[in-house]
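Below is one structure, written out as structure tokens; comments come after it.
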Amino acid sequence: MDVTFDFRGKTALITGSTAGIGLELARALGGARARVIVNGRTSERVHATRVELEADGIAAGSAVFDVSSTQSVASAFAECADLQDPIDILINNAGIQRRGPLESFDPETFETVIDTNLTSAFRVAQKAATGMIARRRGSIVNICSVQSILARPSIAAYTAAKGGLAMLTKAMATEWGKYGIRVNGLAPGYFDTELNRALVANAEFSAWIEAHTPLGRWGERDELRGPALFLCSDAASFVSGHILYVDGGITSCL
């Protein structure tokens, strides 16, 4: 089997890919010669990101839709020109974080976190899977988290969503495997991203991360490239329903 990470002829849709981990993975797949479809809610940001990728020699398309809206997702898959070509790879990356004590956490905010981090993956994957089922092949990667199996104060909604996403990943793999679709989860640990900027800047929290992570540091975004390419590639042709933790070893010792 050819296990080179060459994605020529493949199209990858990455939700929430105008910044952070999503943009990093778009660059990884684009650098491996996939055509990447940039997604976000704001047309200006999506267009700017597409132009940025194309300037770097990456074949890119764009799809503006809100993953938290069933109608927005449905309309995009029905009407967006860049989503009419076959989607070979889907990375469900879009997500948000909201912090607060559970006893006073706003119920509507809780629902928003669940919807954006969990239900959205169902919405988008269901649409992308339609074409994958017809072609009897495809790869879906859901961006999970160490919070899929670990809890921490103030992020109960996020933990619930990411725990649910890990199980949704297994459910998708179970139901869609018969169509040749592989579904896996990529679960980052504590990474230096925009979402975690306040935590990185917190000396006490950073010291805690360094003390409890066997590799003794925060992860860097480019360290997610190889694991993501592996899960999307034919090198992982018999890997499905797996959650790959890229966490410096923290889930091994907490």
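Might you check whether a residue that is assigned to a loop (DSSP other than H, G, I, E, B) and not aromatic (F, W, Y) occurs anywhere in region 194-210?
For region 194-210, residues assigned to a loop (DSSP other than H, G, I, E, B) and not aromatic (F, W, Y): present.
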Go through region 211-242 and give me each residue that's outside any helix (DSSP H, G or I) and closer than 22 Å to R27 by Cα.
W218, G219, E220, S233
Out of contact with any Pro (no Cβ under 6 Å at 6 or more places or on another chain), modelled with pLDDT of 95 or more, open to solvent by less than 10 Å² (accessible area, probe 1.4 Å) and outside any strand (DSSP E or B): does that describe G9?
no
Odd one out for T15 among (1) in contact (Cβ under 8 Å) with a residue 40 or more places away in the chain; (2) more than 20 Å from G131 (Cα to Cα)
(2)
Where V51 falls short, out of the listed (1) of a type in the set (V, I, T); (2) crowded, with 22+ Cβ neighbours inside 10 Å; (3) assigned to a helix (DSSP H, G or I)
(2)
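Quick one: is T169 in a helix (DSSP H, G or I), in contact (Cβ under 8 Å) with a residue 12 or more places away in the chain, of a type outside the set (A, V, I, L, M) and open to solvent by 40 Å² or more (accessible area, probe 1.4 Å)?
no
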Scanning region 214-248 for residues that are open to solvent by 30 Å² or more (accessible area, probe 1.4 Å) and of a type in the set (F, W, Y), the one nearest to V183 (Cα to Cα) turns out to be F238
Just to be sure I understand, how many residues within region 174-197 are open to solvent by 80 Å² or more (accessible area, probe 1.4 Å) and without any contact (Cβ under 8 Å) to a residue 40 or more places away in the chain?
3
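The values are calculated or read from the model by the stated rules, or taken from the named source; none is laboratory data. Worth saying up front: this structure is predicted, and the values here are computed from it rather than measured. Cβ atoms come from the backbone with ideal geometry, glycine included; neighbour counts cover every protein chain shown. The protein model used for the area step is the full one, side chains on, heavy atoms only, and it has no ligands, DNA or RNA in it. Shrake-Rupley method; radii C 1.70, N 1.55, O 1.52, S 1.80 Å.
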